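Chemist: Okay, here's the structure, questions in a sec.
Just so you know, all these numbers are worked out from the coordinates, no wet-lab data involved. If you're wondering where the values come from, they're calculated on a predicted model, not measured in any experiment. A quick note on method: Cβ atoms are made from the backbone with ideal geometry, for glycine too, and the neighbour counts reach across all protein chains shown.
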């Protein structure tokens, strides 16, 4: 598996945009030097696919936790039913 991709190739392969990547960097969601970096002699920034995949895994887990915290639980004979609002 290729670990590093130029940002244009990453965006075309993963359906992301350069603007979205820039916003993540600006807001501190991604870190320059961890998720995105520059290589000397190459104009285009590089994206670390492994770091991005780890970030996506953490993002999914945090969304699942948020769903559980926003749910109302009804108890019916020892079985919990979750209603997501």
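Chemist: Calculate, for residue 2 and residue 29, the FRET efficiency according to 1/(1 + (r/R0)^6) with r their C-beta to C-beta distance and R0 22 Å; round to the nearest 0.05.
Modeler: About 0.45, to the nearest 0.05.
Chemist: Turning to a different aspect of this structure: When 38, 27 are ordered from fewest to most other Cβ atoms inside 10 Å of their Cβ, what list results?
Modeler: Numbers: 38 12, 27 8.
Sorted ascending by nearby Cβ count, the order is 27, 38.
Chemist: A follow-up question, please. Rank these for me by crowding, 48, 53, 16, going from fewest to most other beta carbons within 10 Å.
Modeler: On the way: 48 19, 53 11, 16 15.
Least crowded to most crowded, the residues run 53, 16, 48.
Chemist: One-quarter of the Cα convex hull surface for the range 1-48, in nm²? Provide the component values of the computation, followed by the final result.
Modeler: Numbers: hull surface 13.7 nm².
The directionally averaged projection comes out at 3.4 nm².
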